[in-house]
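S.K.: Attaching a single structure in C-alpha cells format; questions to follow.
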Amino acid sequence: MRRETITGDITPEEFNDFSSRVASWIGNYFHSIEKYPVLSSVNPGDIIKKLPAEPPLQGEGFDKIMKDFESIIIPGVTHWNHPGFMAYFNSTSTGPGILAEFLIAALNINGMLWRTSPSATELEIVVLDWLRRMTGLHAAFKGIIYDTASVSSMHAIAAARERSGFNIRVKGMSGRKDLPLLRLYCSEFAHSSIDKAALTLGIGLDGIKKIAVDDEFRMIPAELENAISEDRKKGMHPFCVVATIGTTAVTSIDPVPEISEICRRNNLWLHVDAAYGGIAAVLPEMKWIMKGTENADSIVINPHKWMYIPSDFSAFFIKDKNILREAFSLIPEYLRTDDGSAENFMDYGIQLGRRFRSLKLWFTIKYFGVEGLISRLRDNILLSGKFEEWIDRNKNFIKMAPVHFGTVCFRGVKDGLSKDELNTLNEKLMHNINSTGKIFISHTKLHGYFVLRVVTSGIRTELRHVELAEEIIQQEFLKL
Ligand SMILES: Cc1ncc(COP(=O)(O)O)c(C=O)c1O
C-alpha cells in the first residue's frame, strides 16, 4: 500500500514572506553591525553544546529556524563585514553580490557544460575579460573561475607539470625511473597554498625551493637563477616559478619583470599569485604592480579577497587554456555533446559541477561601475596611508614593511627589552586589542619579531574606524 508522504517546496506565498524577512534581517545587520563584537568570544565546543545531536524529525518552521540562527549561530560568528575587522585580508561583501547569491541559489544551475546553462559559461567568459581589462592584464589571458586562490594556484602548477612533458596525466609519478625530481620555486614569503598545491600534485614539499628575499621581502632574482642552475647540476628538473604580488604576511611585490626573464631563459612556467594585491591594479595609479605579468603563463586574482564579492570567487587567468584541458579533460559518455565550438568549463579543472559565480561579479561591477569600484579601493588604500602616518609619528611603534596596498605591519617597542620580551609584549598587545571586541587584528613573524598587521581594505571601514583602532592600540600599549 502506498503511504502518504510530504512533498514539495514551501509555497510561493511562504517564500515571499520568509525571503522579505531574511532580506530585512540582512539590511538591519549591516545597519547595526557595529553593535556586535567583531571577533566571536565563544569557547571551542560552545556552539556544538547548544545544538541537538539528532536532527529534527518534524520540520520546525521558519520562525524557530530564525530564532535559533540568532540565538545559537550568531554568537559564534566572527563578523568579517564589520568595519573593525582588520585581520588577515578582510574579505567583505556588498549588496549586489549578496543579491546575486540569492539568485544563484534560486537558479541552482550547474555550469559544467555550455548547454547546462549557456549564460553561465558565456557570462564567465565576458565578465572575467572585464576584470582582465580592469586590471590591465595582457589580452592573451583567458579567465576561469575557481572557488579559491589555493585551487587556482593548484591548477596553475598542474598546468606547468603537464607542460613539463612527462605524461604524468597517464603514467602518474610513483615508481617511475624515467622521472627526475620536479622542482618548483617561490619566495620564502609565498602563501602556504603553493606548498599545498605541491603536496597535492605529487611534487612534495621537498620539491619546493624557497628563494631568499631582500630587505623589502621581495624574491631575489639572482638567488632564483642560482638555485635553478644548482638544481639542474644535481639532475633535478625545474618546471615552475611562483611569484607573488602582495604577499600574505607583508604585501611585498616580487620583481616579476626580472623573474619572468629568468623563466623565459630557462623555459619555466611562471605563475603569479596576485590573490590580494592584483585587485589594486584596477586603480590607474597602481597599474605598475602588474609589470612583467604580460610574460607570465598564469595569474590568480581574488575578487573575494578585496573587491567586495561574497566568498567564494577566485579569478584564474591563463594564456594557454589548452594545457589545462590536456591535463584535466575526461569526458564520460553521459557528458558527451555535439556542441562543437562551445566551451565546456568542466574541461579545465578537477571539478565537474560549477556554481554560477560569474553572476555576482557581474552584478557588482554593473552596480558600482568601474569608477565606483576605483573610488572604494582608493579609499581603502588611503586609510592604510593614514594609519601608516600614525605609526610613523608614534614613538611607541615601528613600521616593519613598506605599505603598498591596504595593509600595515608594525610592532610595539620599549627600551631595554630583549627580542623575546618584545615578542611577548606584542603578542599580549594583540590579544588585549582583540579582546575589546571593537577591532580584530592579526599578526605575522618578521626577522624573528612578532609583528602586528592592520588591514583597512574592508568596504565598511572608514576614517573613524581607523582612528578608533589607533586609540585602542595606543591605550592597550600604554597599559602594558
Ligand atoms: C597571497 C595569497 N595567495 C593565496 C591565498 C589563499 O587564498 P584562498 O583562501 O582564496 O585560497 C591567500 C590567502 O590569504 C593569499 O594571501
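Residues checked against (1) surrounded by 14 or more Cβ atoms within 10 Å (Cβ to Cβ); (2) closer than 28 Å to HIS304 by Cα; (3) of a type outside the set (S, T, N, Q):
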site	(1), (2), (3)
SER41	no, yes, no
PRO44	no, yes, yes
GLU60	no, no, yes
ASP63	no, no, yes
LYS67	no, no, yes
TYR88	yes, yes, yes
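S.K.: With respect to the numbered conditions (1) more than 11 Å from the ligand (Cβ to nearest atom); (2) farther than 25 Å from LYS445 by Cα, which one is the sole condition not fulfilled by VAL241?
M.R.: Evaluating VAL241 over (1) more than 11 Å from the ligand (Cβ to nearest atom); (2) farther than 25 Å from LYS445 by Cα leaves (2) as the failure.
S.K.: Filtering the stretch 270-324 down to residues that are under 25 Å from ASN90 (Cα atoms) and basic (Lys, Arg), which residue is farthest from the ligand (Cβ to nearest atom)?
M.R.: Taking the candidates together, the pick is LYS287.
S.K.: Any idea how many residues of the stretch 161-210 are part of a strand (DSSP E or B) and within 15 Å of PHE239 (Cβ to Cβ)? I'd like the intermediate steps shown before the answer.
M.R.: Of all residues in the stretch 161-210, those part of a strand (DSSP E or B) come to 182-187, 208-210.
From what's left, within 15 Å of PHE239 (Cβ to Cβ): 182-186, 208-209.
So the count comes out to 7.
S.K.: While we're here: Can you tell me which condition LEU463 does not meet? The list is (1) buried (at least 18 other Cβ atoms within 10 Å of the Cβ); (2) among the hydrophobic types (A, V, I, L, M, F, W, C); (3) closer than 20 Å to HIS82 by Cβ, and all the others hold.
M.R.: Failing condition for LEU463: (1).
S.K.: Test each condition in (1) free of Cβ contacts under 8 Å to residues at least 24 places away in the same chain; (2) over 21 Å from the mean Cα position of the chain (by Cα) for LEU480 and report the one that comes out false.
M.R.: Condition (1) is where LEU480 drops out.
S.K.: Quick check, is PRO75 surrounded by 22 or more Cβ atoms within 10 Å (Cβ to Cβ) and modelled with pLDDT of 95 or more?
M.R.: Working: surrounded by 22 or more Cβ atoms within 10 Å (Cβ to Cβ): no; modelled with pLDDT of 95 or more: yes.
It is false that PRO75 is surrounded by 22 or more Cβ atoms within 10 Å (Cβ to Cβ) and modelled with pLDDT of 95 or more.
S.K.: In the stretch 126-138, which residue that is closer than 16 Å to LYS321 by Cβ and surrounded by fewer than 16 Cβ atoms within 10 Å (Cβ to Cβ) is nearest to the ligand (Cβ to nearest atom)?
M.R.: Selected residue: HIS138.
S.K.: Restricting the search to the stretch 392-425, which residues are hydrophobic (A, V, I, L, M, F, W, C) and within 27 Å of the chain's Cα centre (by Cα)?
M.R.: Applying the first criterion (hydrophobic (A, V, I, L, M, F, W, C)) to the stretch 392-425 yields 397-398, 400-401, 403, 405, 408-410, 413, 417, 422, 425.
Matches in the stretch 392-425: MET400, ALA401, VAL403, PHE405, VAL408, CYS409, PHE410.
S.K.: Moving on. Within the stretch 97-125, track down each residue that is farther than 24 Å from ILE350 by Cβ and surrounded by 20 or more Cβ atoms within 10 Å (Cβ to Cβ).
M.R.: First pass over the stretch 97-125, keeping only residues farther than 24 Å from ILE350 by Cβ: 97-100, 102-103, 106.
Listed by number, the residues that qualify are GLY97, ALA100.
S.K.: Looking only at residues that are in contact with a helix residue (DSSP H, G or I) (Cβ under 9 Å, 6 or more places away or on another chain) and not β-branched (Val, Ile, Thr) in the stretch 389-408, which one is nearest to ALA469 (Cα to Cα)?
M.R.: TRP390
S.K.: Additional query: If you check LYS291 against the conditions, is it in contact with a helix residue (DSSP H, G or I) (Cβ under 8 Å, 6 or more places away or on another chain) and among the charged types (D, E, K, R)?
M.R.: Values: in contact with a helix residue (DSSP H, G or I) (Cβ under 8 Å, 6 or more places away or on another chain): yes; among the charged types (D, E, K, R): yes.
Yes: the conditions hold for LYS291.
Matching residues to (1) closer than 30 Å to THR461 by Cα; (2) polar (S, T, N, Q); (3) under 23 Å from the mean Cα position of the chain (by Cα):
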position: ILE26; (1), (2), (3): yes, no, no
position: SER41; (1), (2), (3): yes, yes, no
position: ASN81; (1), (2), (3): yes, yes, yes
position: TYR88; (1), (2), (3): yes, no, yes
position: PRO96; (1), (2), (3): yes, no, yes
position: TRP114; (1), (2), (3): no, no, no
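S.K.: Oh, and also: Tally the residues that are of a type in the set (Gly, Ala, Ser), surrounded by 14 or more Cβ atoms within 10 Å (Cβ to Cβ) and within 16 Å of the ligand (Cβ to nearest atom), restricting the search to the stretch 139-194. If you could, list the steps in order and put the result at the bottom.
M.R.: To start, the set of residues in the stretch 139-194 that are of a type in the set (Gly, Ala, Ser) comprises 139-140, 143, 149-150, 152-153, 156, 158-160, 164-165, 172, 174-175, 187, 190, 192-193.
Filter once more, keeping what is surrounded by 14 or more Cβ atoms within 10 Å (Cβ to Cβ): 143, 149-150, 152-153, 156, 158-160, 164, 187, 190, 193.
Imposing the further condition that a residue be within 16 Å of the ligand (Cβ to nearest atom) reduces the set to 143, 149-150, 152-153, 156, 158, 187, 190, 193.
Number satisfying all stated conditions: 10.
S.K.: Of all residues being more than 31 Å from the chain's Cα centre (by Cα) and assigned to a loop (DSSP other than H, G, I, E, B) in the stretch 219-246, which is farthest from GLU162 (Cα to Cα)? Just the residue, please.
M.R.: LYS234
S.K.: Kindly indicate the residue of the stretch 249-261 that is in contact with a helix residue (DSSP H, G or I) (Cβ under 8 Å, 6 or more places away or on another chain) and assigned to a loop (DSSP other than H, G, I, E, B) and also nearest to the ligand (Cβ to nearest atom) among those meeting that condition. Quick ask: steps written out before the conclusion?
M.R.: To start, the set of residues in the stretch 249-261 that are in contact with a helix residue (DSSP H, G or I) (Cβ under 8 Å, 6 or more places away or on another chain) comprises 251, 253, 255-261.
Those left that are additionally assigned to a loop (DSSP other than H, G, I, E, B): 251, 255.
Values: THR251: 9, PRO255: 16 Å.
Taking the candidates together, the pick is THR251.
S.K.: Something else about it: Take the conditions among the small types (Gly, Ala, Ser), without any contact (Cβ under 8 Å) to a residue 40 or more places away in the chain and not assigned by TED's automatic domain parsing to the domain that holds ASN380 and apply them to ALA140. Does it pass? Talk me through it step by step, then tell me what you get.
M.R.: Numbers: among the small types (Gly, Ala, Ser): yes; without any contact (Cβ under 8 Å) to a residue 40 or more places away in the chain: no; not assigned by TED's automatic domain parsing to the domain that holds ASN380: yes.
Taking the combined requirement at face value, the residue does not satisfy it.
S.K.: Continuing with the same structure: Among the helices (runs of 4 or more DSSP H) lying completely within the stretch 1-78, list those that include at least 1 residues that are closer than 30 Å to ARG464 by Cβ and without any contact (Cβ under 8 Å) to a residue 24 or more places away in the chain. Please lay out each step first, then the result.
M.R.: Working: elements: 12-31, 46-50, 62-68.
Output list reads 12-31.
S.K.: Right, another one. List pairs: first in the stretch 144-157 and assigned by TED's automatic domain parsing to the domain that holds PHE328 and at pLDDT 95 or above, second more than 8 Å from the ligand (Cβ to nearest atom) and among the basic types (Lys, Arg), Cβ under 7 Å, 6+ apart or cross-chain?
M.R.: That search, which allows pairs on different chains as well, returns ILE145/ARG357; SER150/LYS196.
The values are calculated or read from the model by the stated rules, or taken from the named source; none is laboratory data. Being a predicted model, the structure only gives us computed values, none of them experimental. No Cβ is skipped: glycine too gets one built from the backbone with ideal geometry, and neighbour counts run over all protein chains shown.
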